[in-house]
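Only one structure is covered here, and it is reproduced in the block below.
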Amino acid sequence: MSRLLHIATLMLLALCLFTAACSDESCYENGSSLPLATLYLGEAQQTITGLTVMGIGAPGDSLLLNNGAVKELYLPLRASVQSTSFMFGRWLINGTDTVMVRDTVTLDYQPVEYFHSAECGAMFNFNMKNVRHTTHGIDSVVLMTDVVTNSQLPALRIHFTDFAL
């Protein structure tokens, strides 16, 4: 009887090892290389309310956020070009009126094909070259990394101006 118990235990252990060996936990949850932008009001990361974000010149529906409230968001880059622009619109209240302050953020980059592994497959990483932006409601944009991979680390810090109309 104890020999049967040992065999069952060994089989269960082998099954656990086999299952763990075939997992794709080596892949990050973010399967694509998307830059994560963290949003700041002044020097503190905060939820920005009344925010609309959309891609400029992107094919199809490019609306990423419509009058939402977020502290961070992923900005998809196109691998077929070397620059992607986004419109950031922020709804602000001016007395009895509501107005949208619009800015453009443009990311210049070099797409690089990258084969991660058999489990994860191929993807694009992006060598970041430059970031440009307008300053109607955005104070500054800081690149936090030279290469955007599929890690979940912030790639951009977008500092919004803290003002009331």
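The values are calculated or read from the model by the stated rules, or taken from the named source; none is laboratory data. Owing to the predicted nature of the structure, the values given are computational and were not obtained by experimental measurement. For neighbour counting, all protein chains shown are included, and Cβ atoms are generated from backbone atoms with ideal geometry for every residue, glycine included.
Restricting segment 103-128 to residues that are modelled with pLDDT under 95 and among the charged types (D, E, K, R), which is surrounded by the most Cβ atoms within 10 Å (Cβ to Cβ)?
Restricting to residues being modelled with pLDDT under 95 and among the charged types (D, E, K, R), the top hit is GLU119.
Six or more apart or on different chains, Cβ atoms under 7 Å: show the pairs whose first residue is in segment 84-109 and over 18 Å from ILE158 (Cα atoms) and whose second is part of a strand (DSSP E or B).
The qualifying pairs are THR98/TRP91; VAL99/LEU92.
Every residue in segment 59-69 that is over 17 Å from MET100 (Cα atoms) and either under 17 Å from the mean Cα position of the chain (by Cα) or at pLDDT 95 or above (or both), please. Before you say what the answer is, go through the steps one by one.
Looking only at segment 59-69, we keep the residues that are over 17 Å from MET100 (Cα atoms), and these are 59-62.
Within segment 59-69, just SER62 meets the criteria.
Name the one entry in CYS22, CYS27 that is at pLDDT below 85, closer than 30 Å to GLU119 by Cβ and within 23 Å of the chain's Cα centre (by Cα). Write out each step before concluding.
On the way: CYS22 fails: within 23 Å of the chain's Cα centre (by Cα).
Exactly one residue qualifies, and that residue is CYS27.
Output the qualifying pairs, or none if there are none: Cβ atoms under 7 angstrom, residues six or more apart or on different chains, first residue in segment 137-154 and more than 19 Å from TYR40 (Cβ to Cβ) and surrounded by fewer than 18 Cβ atoms within 10 Å (Cβ to Cβ), second residue hydroxyl-bearing (Ser, Thr, Tyr) and at pLDDT below 95.
SER151/TYR28
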